[in-house]
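The values are calculated or read from the model by the stated rules, or taken from the named source; none is laboratory data. Keep in mind it's a predicted model, so treat the numbers as computed, not measured. Using ideal geometry, Cβ is built from the backbone for each residue, glycine included, and neighbour counts are taken over all protein chains shown. Surface areas here come from the heavy atoms of the whole protein model, side chains and all, with no ligands, DNA or RNA. Shrake-Rupley method; radii C 1.70, N 1.55, O 1.52, S 1.80 Å.
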Amino acid sequence: MGSREHLGSGWKFPLQVDRRGGIATERQEAKVEESIFIILSTAKGERMMNPEFGCGIHDLLFAPNNAQTRSIVTDEVRRALVSFEPRADILSVRVESVPEESNVLLIRVDYRVRSTNTVKNLVHPFYLTEGT
């Protein structure tokens, strides 16, 4: 077993077909990044067999785009990632407004894959209101 095999491999999300016509897969550090994306994209209670899984930011849909909301989003993201992604150390979570789009928050997550010390980042958009 290679030094990174324990990071996992599995179907790519969302499901895709690879060049050979099979199900596309992700491996190692890419799987950790995909897991973070899934955690942030899943609302708590969305998974019936694991209702605590996910991130509480979805409860903030229609919240005002202000400092208090951004602070709550930061706390919820950190809490969810610490709880559900044990392969990564969360180095920082920053939430920023997009000046030209008042309904969008950009969630910037810096993390380190524990087993390889690889430092990565991910930017995840969160829409406070849809279609505005």
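Close amide H pairs (under 5 Å, H built 1.01 Å from N) link residue 128 with 104, 105, residues at least 5 positions away or on another chain.
Couplings for region 84-96, taken from phi via the Karplus curve 6.51 cos²θ - 1.76 cosθ + 1.60 with θ = phi - 60°, read 10, 10, x, 7, 10, 9, 7, 7, 7, 10, 10, 10, 10 Hz in order; Gly and Pro are left as x. Put 120, 31 in order of accessible area, highest first, and with a 1.4 Å probe you get 120, 31.
Note the full-extension length gain between residue 82 and residue 122 as 0.36 nm times their separation in residues minus their Cα-Cα distance, in nm to one decimal. Kindly include the intermediate steps, with their values, before the conclusion.
Working: separation 40, 0.36 × 40 = 14.40 nm, distance 1.52 nm.
This chain segment gains 12.9 nm when fully extended.
The phi-based Karplus calculation (6.51 cos²θ - 1.76 cosθ + 1.60; θ = phi - 60°) puts the 3J(HN,Hα) values of region 108-124 at 9, 10, 9, 8, 10, 6, 4, 6, 10, 6, 6, 9, 9, 9, 9, 10, 10 Hz, whole numbers, x for Gly and Pro. Amide H of residue 114: which non-local residues (sequence gap of 5 or more, or other chain) have their own amide H closer than 5 Å, using H built in the peptide plane? For residue 114, whose amide H was placed from the backbone, the distant partners under 5 Å are 88, 89.
The protection proxy used here, the mean number of other Cβ atoms lying within 10 Å of each residue, ranks peptides 86-95, 45-54 as follows, highest first: 86-95, 45-54.
Let me check against my output: what whole-number percent is the relative contact order of region 20-132, with C-alpha pairs under 8 Å and at least 6 apart? Over region 20-132, the number comes to 20 percent.
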